[in-house]
Structures are given as C-alpha cells and as structure tokens.
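See structure below.
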Amino acid sequence: MGFSDKLIINAAITGMVPTKADNPNVPVSPDEIIADVRRCVNAGAAIVHLHARDEAGQPTYQKAIYRQILRGIREQCPDVILCVSTSGRIFKSFEERSEVLELDDPAPEMASLTLGSMNFARTESVNSPDMIKALAKKMNEMNIVPEWECFDLGMVDFSHYLVDHNILKPPFYCNLLFGSLGTLSATAFNLATAVRALPGGVTWAAAGIGRFQFQINAMAITMGGHVRVGLEDNLWMDDERTRQATNAELIERLVTLAWAAGREIASPEEARAMIGLPGRIAPVIDSSSVAALVSGIMTAQPA
C-alpha cells in the first residue's frame, strides 16, 4: 500500500448546532472537548475540526476559550492537526470571525473557509466574496492553511478564481459536504462531479450531513479520497435514529471500513506530509537552559 493511499480522518466533533439535549455525547465545555479529542485521536483521527462554546453551551468566537481548548489538546495529543472555525453561520463581522486566527501558543494549523453563501435547513450562512478574500488573506499572514468548505459546485468553481488570483495558496485542502437541504444532495454523481471540478493539487475529503454521513464517507474511502466525520454533522449510528453516536464510534466504524477496503489510517504526521502542511516545530530551549544542562552533564562525568 502506497503512502498516499492512507486515509486522513478529520473529526468534526462539536459544531455550532448540536446540543446535549440532542445527544448527551456532544462535547461542549473545554474539558469535554479536550477529552473527546483524545478519544478521537486514539480511534484514528489525524485532524480535529473545532468549534468553541461558552459557559452556557452557546457558540462563541472568543479566542480565550479557543486558547484553553487548544492548549489542553496539545497537552493530551501533541501531534494532532488543529483546525479552528471561522464560520459565518452566527457571527457576521470579520473581527469576530477572524479573532481565532490570532491565537498562538499553540497556533491553529488550519482554519475553515466556506467558499460561498448558502442556506441550511433553517438558517443561512453568508460569505461574501470580500469576506472570503479577507479571511484567506488573514490566514496567509498567520501561516494558517485554509480548510475549504464547499457545499455546492459554485463554491468549487470559485476556488479556481481564488487560486488563479493567488488568494488561496498551496497547500490546498478541501472538505466537500453533501446532503444539507438547499445545497448539493448526497449522491455518487454529485460527489464524483465535485471531485472532478476541483483545481489540481487539492487534497479532498468528503462529508455527509445527517443520515448521509456514512454513505458519503464510504464513497470517499473507495474513491481514494479522505473523510470528515463527527457529531457536528450527524448524531446517530443508524438511519432509524435508535442509537446515539459518539465521535469515537463514528471514527472506529470508518477505520473498519478503510481496512476492509485495503487502506491504512494516516497518522497526524503522515497527514501533514500528504496535505503539505509544515511539520510541527519543536519547542525552543533558551540558551541559558542549554548551558545549565551542558554544565550539569559535564559535572556528572567521572574525573
């Protein structure tokens, strides 16, 4: 099996909509999110797609809460790829949507970028061309790789314009999402068409919304693509909605399917190499600490 054939699993664990009333397994607080990320990484996730919630469990853009989450994840899972959200579903201003991009210690490696406006079942997500360009520019400045989110062919077509005008720069990673009412339906034809329409050099993953999650994930695995999976998009293990899912179970099911299809699971470092992300930077040790360490070693040597 070739290195490039390994499957990258992107875990979308919380989102902006699901609540514990919908499924008690939805991680909401920073501690719950951190613990669930660890379970997801142990199950096979290489990327975690993160949304923050405030003390009342409502979506928030505040970087102080994101910082708490990212630091906790780095302590528990030092290698996983951290991806944050710049969603316009609730927060409308550039200042709100871009605040998370200013994080450091740790900084996110990726951030979501929806490439057009769209309707969800009950609400809209407005992403004007100027907003998309401004967020992409900010990501470029902060050395954060955009995680394209494309719900329709028009968004895929717009990616060509953004690439041609050097607004989106390599490396390219795209989540194709299907089955949300008002956007592309979850069919094999639509998945194949969207993949064929992407610019060259894009690492693509596919996601299905609700009952379409497993179907789209399975098609992506057999087509040689990658997957986005998690409670953000789907709360159930079965179409009849008799068994509530956990993020780890949703991932484990795909790992089993991938192995059956002859595909191994990519580690975070393998996923970085496949996407083209910069490698993780080792912590900087200050010169005085190095001198003290060397002195201690020399002192310990026998005469």
* To do: Just name the residue that is farthest from residue 108 (Cα to Cα) out of those in the range 53-70 that are surrounded by 19 or more Cβ atoms within 10 Å (Cβ to Cβ) and either touching a residue at least 40 places away in the same chain (Cβ under 8 Å) or of a type in the set (Ser, Thr, Tyr) (or both).
  => 60
* Hey, could you check the range 110-133 for residues that are over 29 Å from residue 268 (Cβ atoms) and small (Gly, Ala, Ser) and say which is nearest to the chain's Cα centre (by Cα)? => 116
* Can you spot a residue in the range 32-44 that is under 22 Å from residue 221 (Cβ atoms), surrounded by fewer than 24 Cβ atoms within 10 Å (Cβ to Cβ), in contact with a helix residue (DSSP H, G or I) (Cβ under 7 Å, 6 or more places away or on another chain) and of a type in the set (A, V, I, L, M, F, W, C)? -> yes
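Can you tell me which residues in the range 75-129 are acidic (Asp, Glu), surrounded by fewer than 21 Cβ atoms within 10 Å (Cβ to Cβ) and modelled with pLDDT of 95 or more? Before the answer, list the steps.
Here is the first cut: in the range 75-129, the residues acidic (Asp, Glu) are 75, 79, 95-96, 99, 102, 104-105, 109, 124.
Right, trim to surrounded by fewer than 21 Cβ atoms within 10 Å (Cβ to Cβ) and you get 75, 79, 95-96, 99, 102, 104-105, 124.
Result: 75, 79, 95, 96, 99, 102.
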* Asked: Looking at 36, 22, 54, which one is in contact with a strand residue (DSSP E or B) (Cβ under 7 Å, 6 or more places away or on another chain), within 30 Å of residue 242 (Cα to Cα) and of a type in the set (D, E, K, R)?
  -> 54
* To do: May I ask you to verify whether residue 170 is assigned to a strand (DSSP E or B) and modelled with pLDDT of 95 or more?
  => no
* **Residues within the range 127-146 that are touching a residue at least 40 places away in the same chain (Cβ under 8 Å) and closer than 14 Å to residue 84 by Cα, tallied** => 6
* To do: Inspect the range 155-164 for any residue being surrounded by fewer than 16 Cβ atoms within 10 Å (Cβ to Cβ), under 27 Å from residue 215 (Cα atoms) and not aliphatic (A, V, I, L, M) and give the result as yes or no.
  => yes
* Asked: Which of (1) of a type outside the set (Val, Ile, Thr); (2) in a loop (DSSP other than H, G, I, E, B); (3) touching a residue at least 60 places away in the same chain (Cβ under 8 Å); (4) within 25 Å of residue 173 (Cα to Cα) is the odd one out, the single condition residue 24 does not satisfy?
  -> (4)
* Structure fact -> Scanning the range 181-213 residue by residue, those within 19 Å of the chain's Cα centre (by Cα), surrounded by fewer than 22 Cβ atoms within 10 Å (Cβ to Cβ) and polar (S, T, N, Q) turn out to be 203
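The values are calculated or read from the model by the stated rules, or taken from the named source; none is laboratory data. Quick caveat: nothing in here was measured; it's all calculated off a predicted structure. All Cβ positions, glycine included, derive from the backbone under ideal geometry; neighbour counts span all protein chains shown.
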